[in-house]
Amino acid sequence: MILALTANGPGEFSGWVRPLLHELYARDRALDVRLFFVPDDYATGHEADVARALFPQAHVYGPRHYTRFALGGSLEGMPPKVDRVQYLGGDLMHAARLHARLGGIATSYKFSRKRYAKLFAHVFAVDETNRSQLLAWGTPPERLSVAGTLAIDGALAEAAGDYGDPPSTAARDGIVIMPGSRLAEVANLYSFFVAVALQLRLRLGPVPIAFARSPFTSDAELGAALAAAGDPRTYGAPAALCPGGDAIESEGERFPLVHAAMRTAAGARLAITIPGTKVIELAAIGTPAVVCVPLNAPELAVINGPLQYVGRLPGLGAPLKRAAALAVMRRFTYFAQPNIDAGKEIVPELVGTLFPARVAAIAAEHYADAAWCAKTSAELRERYAGHAGAARQIAAALLSA
């Protein structure tokens with residue numbers, strides 16, 4: 001069988017593609033996978049290299065090669081037809097384009113639109129709420145099934161060491177900080193969270209504090225970002241990347257830098273992070289989090305749609321994007337997925353212009369409340385226990401026809 005997949009940024013690869021490919025190869029080692037990373041503003045540029053390292057048996061194509069192929073060009077060794085095209089990230093039009101060029105049965109996960117109702121032979125929904133969305137988007141009910149959340153399978157697998165990561169005790173009963181992997185996040189939030197870590201050290205003394213680095217960030221990118229200390233409005237602390245890339249140093253303090261975030265977070269009492277796939281991954285393994293939504297410089301963030309390009313206009317672009325981004329943010333009650341799903345605050349969210357001392361104070365308060373940590377951990381695990389198993393269900397369906 002030949003299976004073509006679309007993917008875009010770090011969250012979709014780690015949370016969706018990784019657990020599904022892991023399950024697919026466990027079932028069929030001879031499976032011919034063609035993984036296409038499509039152009040996307042959320043991408044870091046390292047996704048294809050990370051995918052090749054983790055799945056050397058797969059044929060992986062970066063955005064440049066995908067674009068050439070999508071526009072009618074040829075790629076060496078590309079078969080004329082595939083059996084399946086599975087959407088796993090990026091704009092849906094890219095899955096449609098691959099289907100137009102390679103044929104096969106097209107399926108999707110979580111997303112569709114009315115214009116693609118005839119294209120996708122089946123759509124795998126995350127939960128009943130997502131199923132209702134897909135019905136509203138025109139997906140026929142007979143083409144829908146609730147599979148679960150791939151990101152939860154990915155988090156549980158990483159925490160268990162299924163991807164080959166060694167055990168980590170860097171944040172055992174301590175705090176793990178996850179600053180993000182997108183370019184703007186690396187450039188500005190690492191230094192912000194270093195300042196938070198320094199404040200936590202003053203408040204909590206020898207409590208273990210570790211940073212979880214993204215595999216999509218190079219040593220050169222991270223080292224330069226730490227030295228520059230980010231945009232002045234983020235109030236970051238200058239720091240240095242230690243030789244070997246295994247720690248961050250700032251003001252005489254040294255914080256371990258770990259590669260397998262969930263492997264480390266599984267032993268931590270608390271995480272500090274930003275919204276995204278990582279919040280639901282933390283929930284799956286039962287690690288409570290303080291979720292930070294810094295709006296110190298909202299025009300620096302990547303935003304879906306035309307606003308991203310408005311910000312690039314000279315002169316008025318940045319102020320317009322800043323005002324529009326703040327207006328969009330006001331529409332949301334919650335930003336962390338567990339809070340969105342529950343309709344209430346399970347994990348604390350800090351939204352607005354954030355200062356390192358305030359974040360540290362709130363994180364230290366929650367860390368010191370062992371009863372809250374234990375209660376929240378149990379609530380998060382229970383909420384998402386039923387969402388596991390998506391990789392098994394989707395893999396079985398893709399390999400069945």
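Things to note:
- For region 355-381, a residue qualifies if it is open to solvent by less than 20 Å² (accessible area, probe 1.4 Å) and either of a type outside the set (Ser, Thr, Tyr) or modelled with pLDDT under 95 (or both), and the qualifying residues are PRO356, VAL359, ALA360, ALA363, ALA364, CYS373, LEU380.
- Pair list, Cβ under 6 Å, 6 or more apart: region 50-70 residue in contact (Cβ under 8 Å) with a residue 24 or more places away in the chain, other residue assigned to a helix (DSSP H, G or I): PHE55/LEU21; VAL60/ALA48; VAL60/ALA51; VAL60/ARG52; GLY62/ALA48; ALA70/ARG97
- The combined condition, being at pLDDT below 95, surrounded by 17 or more Cβ atoms within 10 Å (Cβ to Cβ) and not polar (S, T, N, Q), is fulfilled by HIS387.
- Any hit, region 216-223, residues being farther than 30 Å from LEU54 by Cα and either in contact (Cβ under 8 Å) with a residue 24 or more places away in the chain or not hydroxyl-bearing (Ser, Thr, Tyr) (or both): no
- Members of region 1-21 found to be open to solvent by less than 10 Å² (accessible area, probe 1.4 Å) and among the aliphatic types (A, V, I, L, M), listed by number: LEU3, ALA4, LEU5, ALA7, VAL17, LEU20, LEU21
- Here the condition is being out of contact with any strand residue (DSSP E or B) (no Cβ under 7 Å at 6 or more places or on another chain), within 25 Å of LEU134 (Cβ to Cβ) and of a type in the set (D, E, K, R); of ASP41, ASP49, it holds for ASP41 alone.
- Pairs with Cβ under 6 Å, 6+ apart, first in region 358-381 and more than 23 Å from VAL293 (Cβ to Cβ), second not in a helix (DSSP H, G or I): ARG381/GLY286
- A Cβ distance below 8 Å, combined with a sequence gap of six or more or placement on separate chains, defines the contacts here; from region 241-269, residues that are on the phi > 0 side of the Ramachandran plot and of a type in the set (Gly, Ala, Ser) reach residues that are modelled with pLDDT under 95 and in a loop (DSSP other than H, G, I, E, B) in the pairs GLY245/ARG213.
The values are calculated or read from the model by the stated rules, or taken from the named source; none is laboratory data. All values reported here derive from a predicted model rather than from experimental measurement. Here the Cβ is made from the backbone with ideal geometry for all residues, glycine too, and neighbour counts use every protein chain on show. Heavy atoms of the whole protein, side chains included, go into the accessibility calculation; ligands, DNA and RNA do not. Shrake-Rupley method; radii C 1.70, N 1.55, O 1.52, S 1.80 Å.
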